[in-house]
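Here is the structure we will look at.
Derivation of every value follows stated rules applied to the coordinates shown; laboratory data play no part. Source: prediction; values computed, not measured. Glycine also receives a Cβ, built like all others from the backbone with ideal geometry; neighbour counts cover every protein chain displayed.
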Amino acid sequence: MSKITAILGSALFFVVAPAMLAGVIPWSMTHWEFRPPFLAVEATRLAGIALIIAGVPGVLDSFARFALQGLGTPAPIAPPRNLVVSGFYRYVRNPIYVALVAVILGQGLLFADGGLLGYGALLWLFFHIWVVAIEEPGLRESFGADYESYCADVPRWLPRLTPRAV
């Protein structure tokens with residue numbers, strides 16, 4: 001896949017998946033209306049803002065890396081040709097999923113919506129099942145020892161404190 005095709009494919013998939021999961025669905029649940037903060041503590045809103053601010057760059061950077069370095073997309077129908085292990089991938093194996101869940105949970109805290117927190121938890125559970133049952137076996141098949149080495153160094157969900165050497 002050429003870089004231009006990878007960029008266009010990633011942009012299209014971005015609109016189809018992350019924008020829907022972390023934008024349209026949360027908006028449809030909350031209409032982004034503020035409710036009284038959880039436990040009447042405004043700091044919960046600050047925690048929500050922090051999660052959103054931390055998550056958005058992770059999604060954007062990871063999508064760009066898939067296109068520019070991986071020469072593919074995050075979409076299962078157009079996977080990368082090259083294993084992407086730079087950027088946020090030096091800290092955690094699934095930065096897109098981690099970042100999306102962070103953005104959703106952040107919105108749940110910001111708007112004080114328990115349903116949105118539940119949605120974020122269920123989405124993480126779906127991501128976990130998908131990663132373990134489908135994604136990781138496919139990556140092992142595609143990238144073999146390189147992926148095994150990467151898995152040994154980088155955790156699936158909780159980021160390392162120091163980046164993995166490239």
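Compute the long axis of helix 43-68 from its Cα atoms, compare it with the longest principal axis of the Cα atoms of the chain, and write down the angle in degrees, 0 to 90, nearest 10.
Approximately 20 degrees, to the nearest 10.
On C-alpha positions alone, give me the angle between the axis of helix 3-16 and the longest principal axis of the chain, in degrees, nearest 10.
30
Kindly provide the Kirkwood hydrodynamic radius of the chain in Å, to one decimal, from all pairs of distinct alpha carbon atoms.
16.6 Å is the Kirkwood radius here.
Relative contact order, percent, of the stretch 1-98 when contacts are C-alpha pairs under 8 Å separated by at least 6 residues?
After rounding, I find 36 percent.
Among ILE104, ILE52, ILE129, whose mean-square fluctuation peaks in a Gaussian network model of the chain (Cα, cutoff 10 Å)?
Judging by the Gaussian network model, the answer is ILE129.
Loop only by DSSP, 16 or fewer other Cβ within 10 Å of the Cβ. Give me the trypsin sites (Lys or Arg not before Pro) in the stretch 27-133 that pass, ordered by residue number.
Hits after loop and neighbour filter: ARG81.
Before anything else, pin down the relative contact order of the chain: Cα pairs under 8 Å, at least 6 apart, normalised by residue count, whole percent.
29
Per q in 0.12, 0.14, 0.16, 0.19 Å⁻¹, report the Debye log10 I(q)/I(0) for the stretch 1-87, using one uniform scatterer on each alpha carbon and no solvent.
The calculated log intensity ratios at q = 0.12, 0.14, 0.16, 0.19 Å⁻¹ are -0.48, -0.60, -0.71, -0.85.
What does the charge count near LEU110 come to, summing +1 for each Lys or Arg and -1 for each Asp or Glu among other residues with Cβ under 14 Å from its Cβ?
-1
Taking the stretch 1-90, which chymotrypsin sites (Phe, Trp or Tyr not before Pro) meet the DSSP loop condition and have no more than 16 other C-beta atoms within 10 Å?
Those that pass, being in a loop and sparsely packed, are TRP32, PHE34.
Pull out a ≥ b ≥ c, the square roots of the eigenvalues of the alpha-carbon gyration tensor of the stretch 92-166, then state rounded if a/c is under 1.5, prolate if not and a/b is larger than b/c, and oblate in the remaining case.
In terms of gyration-tensor shape, oblate.
Using only Cα atoms, tell me the angle between helix 136-153 and the longest principal axis of the chain; keep it within 0 to 90° and round to the nearest 10.
The angle comes out at about 80 degrees.
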